[in-house]
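*Asks:* Have a look at this one.
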Amino acid sequence: MDEQGVRANSQTYLWLLDFCLNSGSFAECKKLHGKIVKAGFDRERVLCDKLIDFYLAEGDLDSVVQVFDDMPTRNMITWNKVLYGLVANKMSNRVLSLFSQMVQENVNPSEVTFASVLRACGGSNTAFCYIEQIHARMICHGFLTSPIACNPLIDLYAKNGFLDSARKVFDKLSVKDSASWVAMISGFSQNGYGEEAIRLFYEMHISGIFPTPYVFSSVLSACTKVELFDTGEQLHALVFKYGFFWETYVCNALVTLYSRLGNFVCAEQVFSNIHKKDEVSYNSLISGLAQQGYSDRALKLFKKMQLDHLKPDCVTIASLMSACASIGALCKGEQLHSYVIKTGMCFDIIVEGSLLDLYVKCSDIKTAHKFFLTTQTENVVLWNVMLVAYGQLDNLSESFQTFRQMQIEGLIPNQFTYPSILRTCTTFGALDLGEQIHSQVIKAGFQFNVYVCSVLIDMYAKHGKLDIAQGILRRLTVEDVVSWTAMIAGYTQNDLFSEALKLFEEMLIRGIQSDNIGFSSAISACAGIQALNQGRQIHAQSYVCGFSQDISIGNALVNLYARCGKIQEAYLAFEKNDAKDSISWNGLISGFAQSGYCEEAMKIFVQMKRANVEASVFTFGSAVSAAANMATIKQGKQFHSLIIKTGFDSEIEVSNALITLYAKCGCIDDAKREFFEMSEKNVVSWNAMISGYSQHGCGKEAVNLFEEMKQVGALPNHVTFVGALSACSHVGLVNEGLAYFESMSKEHDLVPKPEHYACVVDLLSRAGRLSQAKKFVEEMPFVPDAMVWRTLLSACTVHKNTAIGEFAALNLLELEPEDSATYVLLSNMYAVAGNWDCRDQTRQMMKDRGVKKEPGRSWIEIRNSVHAFFVGDKLHPLADKIYEFLADLNKRAAEIGYMQDRYSLLNDVEQEQKDPTVYIHSEKLAIAFGLLSLSDPIPIHVMKNLRVCIDCHTWIKYVSKISNRTIVVRDAYRFHHFEGGVCSCGDYW
C-alpha cells in the first residue's frame with residue numbers, strides 16, 4: 001500500500017495492531033505507533049486502546065500512561081485497563097494518583113475500578129483513612145453488595161485487624177463467592193481468631209461453595225494456632241476429597257499442623273509427597289522437629305534441603321540454631337554461624353537473636369558477649385537475651401549493668417526486658433533493686449502487662465511481700481493462670497497454706513484452668529496443713545486435666561501422703577514417678593520425718609543411697625531431723641560422718657539440723673561444739689542452740705547466748721523468744737523473762753503469739769506467783785488455749801493452790817474433755833493438798849467419761865536395740881536381775897540419805913493396800929538396766945513419755961552419786977543431766 005501510495009485508514013492500523021499483538025511482533029507495533037502518529041490517528045480512541053494493550057503486554061507502563069494521557073476521550077474500560085495494568089506491575093502510587101484524577105474528572109467508577117484501587121492500597125503504605133474514604137464512595141455508587149468490589153475491601157480490613165468492619169462488609173454481600181470466604185477466613189486466621197475461622201469454613205462448606213487450595217491453607221493454619229488438631233485431621237481428609245493434596249502451600253500447612261501435634265510420621269509422609277517442595281516446606285518440618293526436641297533430625301533435613309538446591313532463609317537458620325542450642329551442639333552451631341556470615345544473613349534480626357541464644361544456652365557467655373558487641377545494638381531482643389544469660393550465671397551486677405547500659409544507649413525496654421532483670425533480682429533476694437525496676441515498669445506503662453505482672457507477683461511473693469503481690473494480681477484485667485499460680489505458690493512457700501487453697505479454689509471458680517505448677521502448689525499446701533481429703537480431690541483434678549505423669553505434681557503427692565502418715569499411698573505415688581529425682585526421695589524422707597514416721601524416713605534414706613541417688617543438703621537435713629525426733633544418737637552420728645564425707649558440713653541448714661539432733665539426744669556439749677564451729681550462722685542456728693540450752697536446763701547459758709545474738713546484729717524472731725522465755729522459766733529468771741516479753745513488741749516489732757503468753761504463764765507459775773499468772777491469763781488479747789491452762793494447773797499442783805487450780809482445770813476441761821493429763825493433774829493437786837474426797841471425785845469423773853490415763857513408759861538404747869519399760873514391768877528377759885540390782889541401788893541410796901516419797905498421792909488406807917511394784921516407775925527400771933548393761937565410762941541415756949516425778953528425780957540424783965555415772969533423762973518437757981548427785985535443772989522443773 002505504501003509503495004502504491006495508498007493511504008491506510010484507522011481500520012487498517014487497527015487490523016495491523018491486532019496482528020502484531022497476536023503474533024508477538026512488539027517491534028512492529030512500535031513502528032506502527034509512529035506511523036499512526038504521523039498519519040494523525042493518534043487521537044482515535046479505538047487505536048489508543050489497542051496501543052495501551054500493547055504497552056501493557058510489553059510492560060512499558062510509562063508509555064501506557066503517556067498514551068492514556070493523550071487520549072481526548074476515555075471510556076470506563078480504558079480507565080480500568082490502565083488501573084489493572086498498574087496494579088499488576090505493583091505501581092500502587094500511580095494507581096491511587098490515577099484514581100484521584102478519575103474522581104476530579106467526575107468519571108463514575110465501576111466495581112472493577114474499586115477492586116483495582118483497593119488492591120493497590122493493599123500493596124502500599126496507604127493511610128487507613130483513605131481506604132475508609134474509598135469504602136464511602138463504594139456505598140455512594142451502590143457497590144456494597146458486589147463481591148468484585150468488596151472482596152479486596154474485606155481482605156484489607158481483615159489484614160489490618162479491623163475484623164468487625166470486614167465482617168459487616170462480608171455479611172452485606174448479595175452473593176459470596178470463594179474469594180469472599182477466603183478473605184474472611186484468612187483474616188480471622190491471621191489475626192489469631194482461629195476458632196472463628198474454622199466456624200466460618202463450616203458455614204462455607206454447608207453453603208455449597210467449592211473451596212480453593214488457599215482457603216484450606218488458611219483454615220489449617222487456624223487449626224494449628226488454636227491446637228484443634230482433630231479438626232485439622234478431618235480437614236486433611238477433605239483436602240484429599242477435593243484433590244488438593246498436590247498443592248504445595250496446602251501440604252506446607254499440613255506439615256506444620258502435624259509437626260505441632262508431634263505426629264512426625266504423618267508430617268514426614270505429607271512432606272515426602274510434596275512434588276514441588278519449596279523453602280516453606282522445609283522450614284515447616286525443620287522448625288517442627290526443632291521445637292519438639294528432635295534436633296538431630298532437623299539438622300539432617302537441612303542437609304537434604306541443600307541437596308535439593310533450595311536456599312535456606314532466616315527462618316530456617318533460626319530453627320536450626322534453636323535445635324543446636326537445645327542439645328548443646330555448639331560445634332554445629334558455630335558451623336551454621338560461618339554459613340550465615342558467608343551468605344550475608346548475619347545482620348538479620350531473627351538470625352542475630354538465635355545465634356546469641358545458641359551461645360548463651362551452650363554456656364559460652366564469653367563468645368555470646370563478644371558476638372553481642374558486633375550486633376545491631378538497637379535490637380532490644382539481643383539485650384534481653386544477654387540479661388537472661390547473666391541471670392542464668394547468677395551474675396546480678398552484670399545483669400544490672402547491661403540493663404543500665406541499654407537505657408543509656410536510648411533503647412526502650414519492652415515487656416520481655418523487665419521480667420529478665422526481675423527474675424535475677426528474685427534469685428538474689430535483691431528486693432530493693434526489684435522495687436526500683438517495678439517503678440520503671442509503671443512509668444513505662446507495663447503495670448497491666450500480664451507477663452510482667454506474673455514475674456512481679458512471683459518476686460514479691462517469694463520475698464514475703466504477699467500484700468503487694470495480691471494487689472498486683474487483683475489489678476490484672478486478664479485472667480492469667482501464670483499470675484494466679486505464682487500467687488498460690490507464694491502463699492505455699494510462706495506457709496500460708498489455707499490462703500493458698502482459698503486462692504486455688506477461687507481460680508477454678510473463675511474458670512481459670514490450673515497448670516502443673518498450680519496443682520503442685522495446691523497439693524503442697526494440703527500437705528502443709530495435712531488436709532488429706534482436699535489433697536486427694538486436687539490429685540483427682542490434676543489426673544483429669546492430663547497431668548498424671550508430671551514430676552512436680554508427683555513429688556507434691558509423695559510429700560502429701562507422707563506428711564499425712566499414709567505410708568502405702570506415699571510409696572504408691574513415689575513408684576508412679578517414672579523420672580524419680582532427688583526431690584522425689586526428699587519428699588518421702590522429709591514427709592515421713594515430719595509425720596512422725598521417723599524410722600521409715602531413715603529406711604528410705606538407706607534405700608536412696610543404695611539407688612546411688614546423690615543426697616542433697618535437704619536430704620541430710622531431713623534424715624538428721626528424723627534421727628533427732630527418735631533420739632537415736634548412733635544413727636545421727638552416722639549421718640554426721642556421711643555429711644562430713646560429702647562436704648555438706650559447711651552448709652548452714654545441715655549444721656542447724658545437727659545442733660537440734662545433739663540437743664534432742666541429750667548431747668548438749670556436741671551441740672555446742674557444732675554451733676561454735678560454724679563459720680556462718682543464721683537465725684535458725686541461734687534458735688536451735690538457745691532452745692537446746694533451754695531444754696537442758698542451761699537457762700543462764702541460753703540467756704547469755706540470746707544477748708550475744710543481739711550484740712552481733714542477728715535479728716531474733718518468734719522462735720528465739722520462745723527459747724529465751726522458756727530458759728528464764730526453767731531457772732527462775734522471772735524479771736528477765738518479763739523484760740524479754742515486753743521487748744518483743746517495743747524493741748523488735750514482734751507481736752507475741754499464744755506460745756509466748758504460755759511461756760510467761762509458766763514463768764510466773766513456777767516462781768509461785770500464781771495470782772499474777774491468773775491475772776495475766778485473764779488479760780491476754782485472745783482466748784487462752786489448752787497449753788496456757790495446763791501450764792497454770794501444773795504449777796498449782798506443785799504449789800498446792802487448789803482455788804486457782806480448779807479455775808484452770810475448769811477451762812481446760814472445756815477445751816479438751818478427753819485429755820487424761822488434765823484429770824491426772826487435778827487429781828494430784830487434790831492429793832498433795834490432802835483433799836481426798838475431791839481427788840476421788842476427779843478419778844470417778846475420769847472413769848465415767850471413759851478417759852484413760854496414758855501409762856508411763858521409758859526407753860533406753862543398748863547396743864543398737866531399744867528396750868522399753870512400763871511401771872512395775874516384769875516382762876523383760878532380765879527382769880529378775882534388774883529388780884535384784886534395783887534393790888541394791890535403793891539400799892545404797894538409802895544409806896547416803898535417800899528416802900522414798902511414795903505416799904504423797906495416797907491416803908492412809910491406800911498406802912497399806914498398794915502393791916509395792918506400783919512405786920517402781922519405768923525410768924528406774926531403765927536406769928537399772930542401763931547400769932547393768934553399759935560399761936563405766938558410757939553415760940546412761942533414758943527417754944520418758946511423761947514428766948519425771950519428784951521421787952524418781954530425787955532417786956536418780958542419789959544413784960548418779962553412788963554409781964559415779966552420768967545419767968541423762970529426757971522427759972516430756974526437758975532434759976535432766978544427773979551427775980555427782982546434782983541435776984542440771986537445779987530441782988526447778
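The values are calculated or read from the model by the stated rules, or taken from the named source; none is laboratory data. Quick caveat, the model's predicted, so the values are computed rather than measured. When we count neighbours, we look across all protein chains shown, and the Cβ atoms used for this are built from the backbone with ideal geometry, even at glycine. All accessible areas refer to the heavy atoms of the entire protein, side chains included, with ligands and DNA or RNA removed. Shrake-Rupley method; radii C 1.70, N 1.55, O 1.52, S 1.80 Å.
*Asks:* Got a number for carbon plus sulfur as a percent of the chain's accessible area, 1.4 Å probe?
*Replies:* Heavy-atom surface of the chain belonging to carbon and sulfur, 1.4 Å probe: 52 percent.
*Asks:* Among Thr797, Thr660, Phe620, which residue has its Cα positioned farthest towards the positive end of the charge dipole of the chain, with +1 placed on the Cβ of Lys and Arg, -1 on the Cβ of Asp and Glu, and the dipole taken about the Cα centre?
*Replies:* Phe620
*Asks:* Rank by packing, highest mean first: peptides 803-814, 484-495, with packing defined as the count of other Cβ atoms within 10 Å averaged across residues.
*Replies:* The packing order, highest mean first, is 484-495, 803-814.
*Asks:* Only four residue types carry charge here, +1 at the Cβ of Lys and Arg and -1 at the Cβ of Asp and Glu. Report the dipole size of region 577-719 about the Cα centre in Debye, rounded to the nearest 20.
*Replies:* Once rounded to the nearest 20, the dipole reads 320 debye.
*Asks:* Heavy atoms only, 1.4 Å probe, whole protein assembly: order Arg849, Arg94 by accessible area, highest first.
*Replies:* Heavy-atom accessible area, descending, gives Arg849, Arg94.
*Asks:* Going by amide H atoms built from the backbone, whose H comes under 5 Å of the H on Ile862, apart from near neighbours?
*Replies:* HN-HN under 5 Å from Ile862: His867.
*Asks:* Just want the answer: with Cβ charges of +1 for Lys and Arg and -1 for Asp and Glu, which residue in Trp484, Val360, Val722 is farthest toward the dipole's positive end in the chain?
*Replies:* Value: Val360.
*Asks:* Okay, moving on. So if I place +1 on the C-beta of Lys and Arg and -1 on the C-beta of Asp and Glu, and nothing else carries charge, what would the dipole magnitude of region 488-612 be about its Cα centre? I want it in debye, nearest 20.
*Replies:* 260 debye
*Asks:* Roll a 1.4 Å probe over the protein heavy atoms and report the accessible area of Met845 in Å², nearest 10.
*Replies:* Answer for Met845: close to 60 Å² accessible.
*Asks:* How do Thr619, Thr73 rank by accessible surface area computed with a 1.4 Å probe, from largest to smallest?
*Replies:* Thr73, Thr619
*Asks:* Please compare each pair in Lys924/Lys944; Lys681/Lys753; Lys924/Lys961; Lys304/Lys332; Lys580/Lys609 to a cut-off of 18 Å on the Cα-Cα distance and tell me which ones are over it.
*Replies:* Distance filter (> 18 Å) returns Lys681/Lys753.
*Asks:* What residue among Cys20, Asn682, Thr113 has its Cα farthest toward the positive end of the dipole of the chain, where the charges are +1 on Lys, Arg and -1 on Asp, Glu, each on the Cβ?
*Replies:* Looking along the dipole axis, the top candidate is Cys20.
*Asks:* Return the calculated 222 nm mean residue ellipticity for the chain, to the nearest 500 deg cm²/dmol, obtained by summing -39500 (n - 2.57) across DSSP H runs with n ≥ 4 and dividing by the residue count.
*Replies:* The per-residue figure over the chain is -21500 deg cm²/dmol.
*Asks:* Something else now. Compute for the chain: radius of gyration divided by Kirkwood radius, i.e. Rg/Rh, restricted to C-alpha atoms, rounded to two decimals.
*Replies:* Ratio value, two decimals: 1.19.
*Asks:* While we're on this one: What list of ³J(HN,Hα) couplings, whole Hz, do you get for region 249-257 from phi and the Karplus terms 6.51, -1.76, 1.60, once you set θ to phi - 60° and write x for glycine and proline?
*Replies:* 6, 5, 5, 4, 5, 5, 4, 4, 4
*Asks:* Can you tell me the order of 673-681, 149-157 when each peptide is scored by its average per-residue count of other Cβ atoms within 10 angstrom, highest first?
*Replies:* For the peptides 673-681, 149-157, the packing ranking is 149-157, 673-681.
*Asks:* Can you work out the accessible area per residue across region 782-873, with the rest of the protein chains kept in place, probe 1.4 Å, in square angstrom?
*Replies:* In whole numbers, region 782-873 has 52 Å² accessible per residue.
*Asks:* For Asn682 and Ile644, what is the calculated FRET efficiency with R₀ set at 22 Å and r taken between the beta-carbons, to the nearest 0.05?
*Replies:* 0.60
*Asks:* Let me ask something else. Starting from the 7 Å offset along Cα-to-Cβ, what nm value, one decimal, do you get for the label separation of Ile350 and Val798?
*Replies:* Each label point is offset 7 Å from its Cα along the Cβ direction, giving 8.0 nm.
*Asks:* Here is a follow-up. In debye, nearest 20, what is the charge dipole magnitude of the chain about its Cα centre with +1 on Lys and Arg Cβ and -1 on Asp and Glu Cβ, if you could check?
*Replies:* 760 debye
*Asks:* If you don't mind, there's one more thing I want to ask. State log₁₀ I(q)/I(0) for region 567-657 at q = 0.19, 0.23, 0.26 Å⁻¹ as given by the Debye formula over alpha-carbon point scatterers of equal weight, solvent excluded.
*Replies:* Reported log10 I(q)/I(0), two decimals: -0.82, -1.17, -1.43.
*Asks:* Another one. Using a 10 Å cut-off on Cβ atoms, rank the peptides 330-341, 549-560 from the highest mean neighbour count down.
*Replies:* So the peptides 330-341, 549-560, ranked by packing, come out 549-560, 330-341.
*Asks:* Now, a different point. Once ligands and nucleic acids are excluded and a 1.4 Å probe is used, how much of Asp581 is accessible, expressed in Å² to the nearest 10?
*Replies:* Accessible area, nearest 10 Å²: 50 Å².
*Asks:* Return the FRET efficiency for the residue pair Ser933, Asn835: r is the Cβ-Cβ distance, R0 is 41 Å, and the value is rounded to the nearest 0.05.
*Replies:* The computed FRET efficiency comes out at 0.40.
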